[in-house]
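The values are calculated or read from the model by the stated rules, or taken from the named source; none is laboratory data. Keep in mind that this is a model prediction, so the values were computed, not measured. Every residue, glycine as well, gets a Cβ built from its backbone with ideal geometry; the counts of neighbours run over all protein chains shown.
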């Protein structure tokens, strides 16, 4: 997106936001329809559960609506929404898995995680051995991700699944560059521990 | 870095998941070692598979899912909105205006029907008003029967005039006397 297009989008969203704050609740639908796919994908990548992701994604928008009077426009609405999503996922994980978190998730991941869309099926054009290895590594990556703390996981997903810059992650999490890099380093180290025997 | 040794797991993970925005320099060894290239490629492929899987699982959802999700979200949002009534009124008015613009003939005929209805109701109202007046007149006449008739009443005047004429008529007067006798 060019700078001009980005500025136009921010201006338009600021205008819609002022309408919502003034009482035009229906105008909020713009934000729901514009960002629901992106937020659902983000939440799903973190939770790896479609039912939970749907519920949490809806919750993100409701929380955003409630908190709208507190939104000062210092960041883009999308960035602010991402921050709410991170907190919503964290709250959801805390509520859902109060004690035995990781052991339950390990069982969930024994089926290689989410189904692969046809376009990403590794059986197409590669050897069976390589397919198996890829699936095994993929499962371990997913295991490593769910073993991370919700914040660390969110930072890792934003960096490597959504290709956000360190600055963008900082805006969404409120963390400084050094802290983000530290989280990324720790996350990579945990990932490496999962993949140790592939040496 | 030793150009002759294989990459460690940390280095391989760092190749695929760099902790910085800037791309890391390619180790000299990696440029020549097929085994290390294979390990980096396998990890990157697995990661891309996972990323594609989670992204595709969401992107492949049908439009109906997104519509339902948006509707459910907005239902909760509307339920929480304090000024919902005022906004709803505006919304209804706006939708009616749009309806009028889309179907002008229907709107005009509706207006005519409404005017006719108003006219009919007005007529009915005036009739009922007359009935009320008439009822009041009846009540007044009943009241008048109990009280002496006013001399200014036109019908009473006529009655008095006709009685006077009858009395002035002598034959009739003699008849009356004879009958009395």
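For residue A:85, state whether it is within 20 Å of residue B:55 (Cα to Cα), at pLDDT 95 or above and crowded, with 19+ Cβ neighbours inside 10 Å. Yes, satisfied. Does segment B:1-19 hold any residues that are over 19 Å from residue A:153 (Cβ atoms), at pLDDT 85 or above and within 12 Å of another protein chain (Cβ to nearest Cβ), and which are they? Selection gives B:6, B:7, B:8, B:11, B:12, B:15.
Selection of segment A:30-53 for residues being more than 16 Å from the chain's Cα centre (by Cα), crowded, with 17+ Cβ neighbours inside 10 Å and facing chain B (nearest Cβ under 9 Å) yields only A:32. Scanning segment B:11-24 for residues that are over 58 Å from the mean Cα position of the chain (by Cα) and under 23 Å from residue A:169 (Cα atoms) returns B:13, B:14, B:15, B:24.
Among the residues in segment A:61-70, are any away from chain B (no Cβ under 14 Å) and out of contact with any helix residue (DSSP H, G or I) (no Cβ under 6 Å at 6 or more places or on another chain)? Yes.
Quick check, is residue A:74 surrounded by fewer than 19 Cβ atoms within 10 Å (Cβ to Cβ) and either more than 15 Å from residue B:77 (Cβ to Cβ) or within 10 Å of chain B (Cβ to nearest Cβ) (or both)? Here the answer is yes, as residue A:74 does meet what is asked.
Please work out if residue A:104 is modelled with pLDDT of 50 or more, in a helix (DSSP H, G or I) and more than 23 Å from residue A:36 (Cβ to Cβ). So residue A:104 does not fit the description; no. Taken over segment A:22-32, the criterion of being in a helix (DSSP H, G or I) and over 16 Å from residue A:80 (Cα atoms) is satisfied by A:25, A:26, A:27, A:29. Of everything listed in (1) within 11 Å of another protein chain (Cβ to nearest Cβ); (2) farther than 30 Å from residue A:43 by Cβ; (3) not in a helix (DSSP H, G or I), the single unmet condition for residue B:25 is (1). The residue of segment B:42-63 that is farthest from the other protein chains (Cβ to nearest Cβ), among those that are surrounded by fewer than 15 Cβ atoms within 10 Å (Cβ to Cβ) and part of a helix (DSSP H, G or I), is B:63.
Consider segment A:9-29 and keep the residues that are under 15 Å from residue A:70 (Cα atoms) and under 25 Å from the mean Cα position of the chain (by Cα). The one that is surrounded by the fewest Cβ atoms within 10 Å (Cβ to Cβ) is A:14.
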